[in-house]
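Have a look at the structure below before the remarks.
The values are calculated or read from the model by the stated rules, or taken from the named source; none is laboratory data. Not measured: the values here are computed from a predicted model. With ideal geometry, Cβ positions are generated from the backbone for all residues, glycine too; neighbour counts draw on all protein chains shown.
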Amino acid sequence: MNFEKYLENKKNIIDKALDEYLPPEEKPPSIIHKAMRYSVFGGGKRIRPILALVTAELFGKDIENVIKAACGVELIHTFSLIHDDLPCIDNDDFRRGRPSSHKVFGEAIALLVGDALLVYGFDLMIKNSEVKGIKKQSILKLLKETSFYIGTENMLGGQVEDISLKNDNIKKEDLNNLYIKKTAALICLSIRAGAILSGANQRQLKALTKYGENIGLAFQIIDDMLDIMQDQRDTGKPTYANKFGMKECKSESERLIEEAKGSLKIFDQKAKTLKNLADYLLTRKK
Ligand code: GRG
C-alpha cells in the first residue's frame, strides 16, 4: 500500500468513528448537533488523530485502544478552529473553502459549538477508559495532559500571544515559541495520547515529544507558506513566511523534519511510519 493510501485508510477509520461518537443531527437541541457535524465533517485532514493511531501502532497496539482519545483530540482541534474564525479573533468567513461556522449558524451558536466540542473531546477521552486493558491511571494522565496542552501555557497561551502580535521587530525565536504553543502543542498531545495509552515509558515519551515539537513547528511554517502560495486573505499578522521569506521557510521546515526523524532513533525500524508521516508533511498541498 502506498503512503497516501495508508493515510486515506486511517482517515476513513477516523471519520467512521467520529460519525458513530457524535450525537445525530436530529437529536434536540438539533441546531447545535447539526452545527457540530458541519464543522467536524468539513474536510479536515485528520492529521492529529492519525498521529495518535500511528503512535499506538508503533507500540504494536490495536486501533481500538486509542481511537476514542484520538477522535477526542480531533474534536478539540475543530473547536479551536471555530473559535479562531470568530469575528472577535481572526474574523475568517471561510474555513476549508466553506463558510465558517459563525457565517452559517451565527456567532452565538458557533461559540457554543466550540464549547460543546471541547466538552465532547474530554468526554471521549474518559470513554477510552472503557476499553479492555486500559489502566484508569493512563486516562487520568491523559486528561491532565490534555488540560496542559490546550491551556494557557500552550495552545490557549499561544493564541493569546498570536492576537497580541505586533508586526515590527518580531524575532524568529519569539515566533518559534508562539508556534510551538499554538500549533505544536496539540500535535504533541496527539502523539503522547497514543503513547500513554500504549504504556510508553519516560524515555519513549521524551523522544516522541521531541518528534512532536519539531513536526508541529514545521507544520505551522508549512501552513504559512501554503497561505502565501494559495493567495489566502492577508491578515496583516506577522508569519514565518512574510517575515523571513519562503526560502527560509523551506530550509527551516526541512531541517525540523530531519531533526524530528532523528529523535526517533531509539525505535529503529518500528518508527518507519512516523518518519514517513514527517516527510509527507513537507509535501502537503493543503
Ligand atoms: C480555549 C483551549 C482554547 C483554545 C482557543 C482559538 C484558539 C484558542 C486556538 C487556535 C489555535 C489555532 C487556530 C492554531 C492553528 C493551527 C493550524 C495550523 C490549524 C490547521 O490545521 P490543519 O491543517 O487543519 O490540520 P484541517 O483543516 O486539516 O483540520
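Checked against the criteria, SER147 does not count as in contact with a helix residue (DSSP H, G or I) (Cβ under 9 Å, 6 or more places away or on another chain), polar (S, T, N, Q), within 11 Å of the ligand (Cβ to nearest atom) and closer than 19 Å to ARG46 by Cα. Inspection of segment 70-91 finds a residue satisfying the criterion of being within 16 Å of the ligand (Cβ to nearest atom), closer than 20 Å to ARG233 by Cα, in contact (Cβ under 8 Å) with a residue 40 or more places away in the chain and over 17 Å from the mean Cα position of the chain (by Cα).
The numbered conditions (1) under 30 Å from GLN204 (Cβ atoms); (2) within 13 Å of the ligand (Cβ to nearest atom); (3) surrounded by 16 or more Cβ atoms within 10 Å (Cβ to Cβ) are all true for ILE67 except (2). When each of LYS27, LYS34, LYS5 is tested for being of a type in the set (Lys, Arg), more than 16 Å from the ligand (Cβ to nearest atom) and part of a loop (DSSP other than H, G, I, E, B), the lone residue that passes is LYS27.
Taking the criterion of being crowded, with 16+ Cβ neighbours inside 10 Å and either free of Cβ contacts under 8 Å to residues at least 24 places away in the same chain or in a loop (DSSP other than H, G, I, E, B) (or both), the residues of segment 37-54 that qualify are ARG37, GLY42, GLY44, ARG46. The residues of segment 141-156 that are out of contact with any Leu (no Cβ under 9 Å at 6 or more places or on another chain) and not β-branched (Val, Ile, Thr), listed by number, are LYS141, LEU143, LYS144, SER147, GLY151, GLU153, LEU156. The residues of segment 2-34 that are more than 23 Å from the chain's Cα centre (by Cα) and at pLDDT 95 or above, listed by number, are PRO24, GLU25, GLU26, LYS27, PRO28, PRO29, SER30, ILE31.
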